[in-house]
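Colleague: Quick one: the structure is below, questions incoming.
The values are calculated or read from the model by the stated rules, or taken from the named source; none is laboratory data. Quick caveat: nothing in here was measured; it's all calculated off a predicted structure. No Cβ is skipped: glycine too gets one built from the backbone with ideal geometry, and neighbour counts run over all protein chains shown. Accessible surface areas use protein heavy atoms only, side chains included; no ligands, DNA or RNA. Shrake-Rupley method; radii C 1.70, N 1.55, O 1.52, S 1.80 Å.
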Amino acid sequence: MAVSDWKKSVVYQIYPKSFNDTTGNGQGDINGIIEKLDYLKTLGVDYLWLTPVYRSPMNDNGYDISDYYEINPDFGTKEDFKRLLDEAHARGIKIMSDIVINHTSTEHQWFIESRQSTDSKYRDYYIWKDGDGDQPPTNWESKFGGSAWQKDEITGQYYLRLFDVTQADLNWENDSVRQDIFDMINYWIDFGMDGFRFDVINLISKGDYKNSDDIGKEFYTDGPRVHEFLHEMNRSTFGDKEGFMTVGEMSSTTLEHCIKYTKPERQELNSVFNFHHLKVDYKDGEKWSEQPYDFLELKKILFRWQVGIEAGGGWNAIFWCNHDQPRVVSRFGDDTTEEARVRSGKMLAIALHFLQGTPYIYQGEEIGMTNLYFNSIDRYRDVESLNAYSIMKERGISDSQAIRILSDKSRDNARSPVQWDGSAHAGFTTGTPWIDLADNYQHINVEQALADKHSIFYTYQRLIELRHELDVMTYGKVVPLLEEHPQLFAYERQLDEELVIVIANFSGQMVEAPADVNIDGEVLINNYDSYSGKFEPYQAIAVKK
Ligand code: TEU
């Protein structure tokens, strides 16, 4: 059942390169997505978000765009994309595309012209500065490691690149840059898109270019003109399109800013991703560390955002996984036995999907795909992981420790091919996949999941149905429960007379039911057949009072 209210929708994220290959070249393509639309319809999702499929040298797998108006031939053609839209729409599924406008590839025509001379018409499309003596203009660091400034030999100036050296930051202060971007967005709206995901959109407004005590974040995160720029973008592009879905990816943002980004009357965006809850396994803020996750901190952060966004009149996106994150069942669940994987996979789904905001499911999450446990650096493909590996080695971390850290944290964990069946390469390709698969595809795959009515897949399917049916899941107030409990994650949703209670045991042990929580009522979902009065390992239950 498709829903007309965007707030009741559930989004499924597709990483096309790893979704389904129809040509045998080892990389997924747009036709591969079309082939699986019936599967996605069975799951019941309302929107698909595709990570970038535009022309790109693929140094950052498409987040380095060299032509916003063309489709990367590795993925197919514009006609294929048009057919995807039509075929999806015929099934009541809408499509969101990814808009990457903080930076372009250095192979984009604007940058090629920009770097030629300080007089180029496009010079001011990017951020060029003189060095400080023989040092870069400031001490800012790239999010992918190294200085955030790259010296260019042609003019001797440096350009800013917050990500890879081949991803140059655009200069949003320039009116022509904004106009060209808005024209491009309007082109894709006219093409038939139903929504957009905006990449690192809270980094577009740079403030002062000064040395930082940190890596520079404070000068460009939620920068001085960001709300003005987003409002202008909204007014110049999608703002008046009824039901158009927009989500902004916000790097290191704050609750206060996210309320502003999403409060409808401010006319900026519909919803936001923030990542604070996914840093609970960073040691002192360092991603590339070995650190068990902090459960109490996870709850604290999620609830702070749940309650805060609602009180401020904003809107959240809720998610465990995306193409930049390790697999959640390996991270906050337990993939060490088949029983634990299935139980904890379902538990994580239930714990998340009753929260407030728009739920996102990342490809493969619905069948409980796991991390990859690659044992050598040659198996990694991701630019961030490869840079992190070199930096760890330079810092004297041993090879085995660096590999252990990557196997927990690398973005490649999310980027291996979707496991469709137990045949060669999990049915993803007839050729050689661009990245290795997890070894477990013979028993963890879509074919198996569909055949087993107790699989994780059917938990996701049921959760989507419930969200469509029960207003309380969308509009209910969130009331955190048992905030200090070391194993249970619990909350209520309340809407008028309706009350739903959700309790999830994040541990692999039996947990006594706390005296102050009563879960009598109509069981909406339970990942065990019954409830004994105690919570079984990874048990999760939602009841309606
Ligand atoms: O990611 C934004 C971002 O900040 C990432 O660096 C993320 O925090 C990191 O991968 C986690 O360690 C977006 C895209 O989702 C990502 O795939 C791109 O590489 C990045 O922007 C640059 O476009």
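Colleague: Can you compute the equivalent ellipsoid semi-axes for the stretch 86-194, i.e. the square root of 5 times each eigenvalue of the Cα gyration tensor, sorted largest first and rounded to whole Å?
Modeller: Values for the stretch 86-194, descending: 33, 16, 10 Å.
Colleague: Non-local amide H neighbours of PHE275 (under 5 Å, H modeled in plane, Pro and chain starts lacking H): which ones?
Modeller: Amide H to amide H, under 5 Å and 5 or more residues apart or across chains, PHE275 pairs with SER252, THR253.
Colleague: Calculate, for the stretch 140-193, the solvent-accessible area per residue in square angstrom, rolling a 1.4 angstrom probe over the heavy atoms of the protein chains.
Modeller: Solvent-accessible surface per residue comes out at 33 Å².
Colleague: Run the accessible area of the chain with a 1.4 Å probe and give the carbon-and-sulfur part as a rounded percent.
Modeller: On the chain, the fraction of accessible area on carbon and sulfur atoms equals 45 percent.
Colleague: Here's another thing I want to ask about it. Take every DSSP beta bridge with both residues inside the chain and express the antiparallel ones as a percent of the total, to the nearest 5.
Modeller: 60 percent
Colleague: Per residue, how much accessible area does the stretch 222-327 show when a 1.4 Å probe rolls over the protein heavy atoms, in square angstrom?
Modeller: I get 38 Å² per residue for the stretch 222-327.
Colleague: Sticking with this structure for a sec: Kindly report the accessible area of the stretch 328-479 per residue (heavy atoms of protein chains, probe 1.4 Å, no ligands, DNA or RNA), in Å².
Modeller: Dividing the accessible area of the stretch 328-479 by its residue count gives 35 Å².
Colleague: Also, I was wondering about something else. Can you pull a Stokes-Einstein diffusion coefficient for the stretch 1-120 at 10 °C (1.306 mPa s), Rh from Kirkwood over Cα pairs, as a whole number of µm²/s?
Modeller: It comes out at roughly 103 µm²/s.
Colleague: Taking Cα centroids, how far is the stretch 1-53 from the stretch 288-313 in Å?
Modeller: Taking the Cα centre of each part, the stretch 1-53 and the stretch 288-313 sit 29 Å apart.
Colleague: Can you give the calculated 222 nm mean residue ellipticity of the chain, where each DSSP H run of n ≥ 4 adds -39,500 (n - 2.57) and the sum is split over every residue, rounded to the nearest 500 deg cm²/dmol?
Modeller: About -8500 deg cm²/dmol.
Colleague: Tell me, what does the Kirkwood hydrodynamic radius of the chain come to in angstroms if you use every pair of distinct C-alpha atoms?
Modeller: 24.1 Å
Colleague: For the stretch 446-524, state which chymotrypsin sites (Phe, Trp or Tyr not before Pro) are in a DSSP loop and have at most 14 other beta carbons lying within 10 Å of their beta carbon.
Modeller: none
Colleague: In terms of modelled amide H atoms, which long-range or inter-chain residues lie less than 5 Å from the amide H of TRP49?
Modeller: The list, which skips near neighbours in sequence, is TYR12, GLN13, ILE14, MET96.
Colleague: Please work out whether the stretch 147-205 counts as rounded, prolate or oblate from its C-alpha gyration tensor, where a ≥ b ≥ c are the square roots of the eigenvalues and a/c under 1.5 means rounded, while otherwise a/b larger than b/c means prolate and anything else oblate?
Modeller: Cα axes put the stretch 147-205 in the prolate bin.
Colleague: Just from the alpha-carbon atoms, what are the Rg and Dmax of the stretch 190-349 in angstroms?
Modeller: 17.7, 53
Colleague: Would you mind pulling out the separation of the Cα centroids of the stretch 435-489 and the stretch 111-168, in Å?
Modeller: Taking the Cα centre of each part, the stretch 435-489 and the stretch 111-168 sit 44 Å apart.
Colleague: Which pairs break 32 Å Cα to Cα here: LYS260/LYS283; LYS17/LYS121; LYS41/LYS287; LYS82/LYS346; LYS82/LYS299?
Modeller: Pairs exceeding 32 Å: LYS17/LYS121; LYS41/LYS287; LYS82/LYS346; LYS82/LYS299.
Colleague: As an exercise, take the mean of 1/r over every pair of distinct alpha carbons in the stretch 248-290, invert it, and state the Kirkwood radius in angstroms.
Modeller: 11.6 Å
Colleague: Here's something else I'd like to know. Just flag the trypsin sites (Lys or Arg not before Pro) in the stretch 396-483 sitting in loop per DSSP whose Cβ has no more than 14 other Cβ atoms within 10 Å.
Modeller: LYS453
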